[in-house]
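Worksheet: one structure, shown below.
The values are calculated or read from the model by the stated rules, or taken from the named source; none is laboratory data. The structure presented is a predicted model; accordingly, all values stated were derived computationally and were not measured. Cβ coordinates were reconstructed from backbone atoms using ideal geometry, including for glycine residues, and neighbour counts include every protein chain displayed.
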Amino acid sequence: MGMNRKIHFIARYASALAFVAAACIIRYVIVHLVGDDFPTWITFYPAIMLVALMFGFGPGILSILSAVLASCTFFPRASFGINNAVSIGFFVAVGVFISAVGVRFRRTQKRQEDLLAKLRQTNDELRRENSERKRVEEQLSANVEKLRCEIAERKKLEQQLLQSQKMESVGILAGGVAHDFNNLLTAISGYGQILLESIPEDDELSQESITNVLKAAEQAAELTRGLLAFSRKQIISPKPLHIDTLISDTVKLIERIIGEDIELSTNFLDKNLVVNADPGQIEQILMNLATNARDAMPNGGHLSITTRQAVVEEGSETLHDLPSPGKYAQISVADTGTGIDKNALGKIFEPFFTTKEVGMGTGLGLSIVHGVIKQHNGSIIVNSELGKGTALDIYLPLDKGHVVKKESKIATRHYSGTETLLVAEDDDTVRMFMKKILERAGYKVIVANDGEDAVKRFREHDDISLVLSDVVMPKINGREMLDEIKKIKAGIKAVFISGYATDIMQKKGPIEAGTRFITKPFKKEDLLQTVREVLEG
C-alpha cells in the first residue's frame, strides 16, 4: 500500500471516531442541561448516519460499535431504558444497512467510472487508429499516384528508347552505305561534268541528257546527305551567327516557295541572339518547315516565324528534350494549316514517314530537321491539332562567340596551277577522276591507292606541294599517313576527302584543326577551288 493511500485510510477512521466523540460530548452536555430522559439515539443517529454515508461500510460499522460502547459507558443505567435500547438497535441496523448500501453504491459508481474511463480510453484509441488509418490511406494514395507517374514516365522513356534505337538503326545503315554510295556519285557526277564540257553546244540532245544525269546525281547526293543529317552523322561547320539576321536573309527564299496566297510575318522579340550553328543547315531547316507549312495550307493562310530568348531552368530540360538547362534561342514557326492528328504526331520525326500523297514527299524532311537540330545540341517541340494549325518550337543554345562579318569574295571561274599534287584514294574510279580533273587544270598528279603507298610515293618525289587524301583507307588511314609524311616534310599542306559519316572518321582519329575537308560527292569546281585556296593560303 502506498504512503498516500495509507494516510487516506487512517484519516477516514480517525474522522469516524471524531464524529462519535463529538456526538458523546453533545450528548453529555444535553443530559446535564435537559436530564437523563433525553433520547440517546437523537444525538448518536446523525453522527452514525453521516459517517456511514461519507466513509463507507468499514468506518460506519466502527462508528456504530463505538456509539453502542459509548452509550453503555458514559451514561448511567437508570437513564438507559428499553426505549433507548430499541432505538439504538434500530439505528444500528439502519446504519449497517445504509453503510452496506453506500458501499454498494460506491462500488457501482466506481465500476461505472472505470467503465467510463475504459470507454474514453477505447474512444481515444479508436480516434488514434482512425487518424493513423487516414494517414496511411493518404500516404498510400500518394504512393499510388507516384507509382502511376513513375510508370507513365517509364513508358515514355521506353518509347523514347525504342525511337532512339530505331533511328540509330537507320543511322547505322546510312553511315554504312554512305561511303560506297558517295564514291559512285562522285564518279557519276564528275565524269558527267567532263562529258558535258566536251559535248558541242549545238548537240542539244546530248547536253540535255548529261544535264539530267547530273541532276539525278545531285538528287541522290541530297538523299544521302539527308540520311546522314537524320542520323546526326553529317559533317557540319558551325560558327557564331545572329539567328535573326540569318532568318531575315532566308525569308526572301521562303517567300518564293510558299506562294503569294500565304502571308509571311517575322517577329524578333529579343536582340543579339547568337548561336553556334551551321548557317547552311539552319537555312535548310527553315526551308523544310516552310515547305511543310505551304503544303498544309493549299487554300492560303498565315505563316509566322518568331524568335525570343528562352531560359530553361534546372530540372525542366527534359520537358524541352534538351541536354542541359541554360539560355536558348527559341525559333517558333507556326502556320494556320490543316494540322496533324494525334496518331501521326508521334511519328513525324521517323524517316520516310509522311502524311502527304504518294509522290509529294520522301518523308525525310522533318527527320532531317530533327537530326540537324540534335546535332546542334538543341531540340524541336511540335504542337498541333487537326484544323487548328501547327506550331514548331526550335531551341538552340545561345553562344557568347563573336560573329564575324561576311567578306565579299570575287568569283573566279577557273582555278588552275602547275604544282605537284599527291592523290591518295583507294577507290579506282574516284582516284582516276580526280587525276584527270587536276591534270586538265595544269597540275602534275601522283596517285597512290592506299596510305602506305602514299608515304612511299611522297618519299620518291620531293617536289610535292599538296596531299589530297581519303580519310578511311586500307593499311593506314589518312591521318596516320599524314603524320608519317610530316616526319619527312613538316610543312606539307593537305586536304582530306571522304564520303564516310563523321562518327566513322572520328574512330580513325581526330583530324588536325584547320585542315580543309571536302565531302563526297563533290563538284569539279569545288575540288579545284579548294586546292587553289590551300596552295595559296
Problem - Cβ pairs under 7 Å, 6+ apart, first in segment 422-435 and in contact (Cβ under 8 Å) with a residue 24 or more places away in the chain and in the same structural domain as Leu482 (by TED's automatic domain parsing), second in a loop (DSSP other than H, G, I, E, B) and of a type in the set (A, V, I, L, M, F, W, C) - result: Ala424/Met473; Asp426/Met473
Problem - Inter-residue pairs, beta-carbon under 6 Å, first farther than 30 Å from Asp399 by Cβ and in segment 244-264, second not charged (D, E, K, R) and not in a helix (DSSP H, G or I), 6+ apart - result: Asp261/Gly300; Ile262/Met297; Ile262/Gly300; Ile262/Gly301; Ile262/Leu303; Glu263/His302
Completion exercise
Here the qualifying pairs (Cβ atoms under 7 Å; residues six or more apart or on different chains; first in segment 317-341 and touching a residue at least 24 places away in the same chain (Cβ under 8 Å); second surrounded by fewer than 17 Cβ atoms within 10 Å (Cβ to Cβ) and of a type in the set (Asp, Glu)) come out as Gly339/Glu385
Exercise for the section: Within segment 524-537, track down each residue that is among the basic types (Lys, Arg) and either in contact with a helix residue (DSSP H, G or I) (Cβ under 7 Å, 6 or more places away or on another chain) or not assigned by TED's automatic domain parsing to the domain that holds Lys436 (or both). Expected result: Lys524
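Only residues that are outside any helix (DSSP H, G or I) and either charged (D, E, K, R) or closer than 12 Å to Ile485 by Cβ (or both): list them for segment 435-463, please. Can you show your working first?
Just the residues of segment 435-463 that are outside any helix (DSSP H, G or I), to begin with: 441-450, 461-463.
Once the filter is applied, which keeps residues that are outside any helix (DSSP H, G or I) and either charged (D, E, K, R) or closer than 12 Å to Ile485 by Cβ (or both), segment 435-463 yields Lys444, Ala448, Asp450, His461, Asp462, Asp463.
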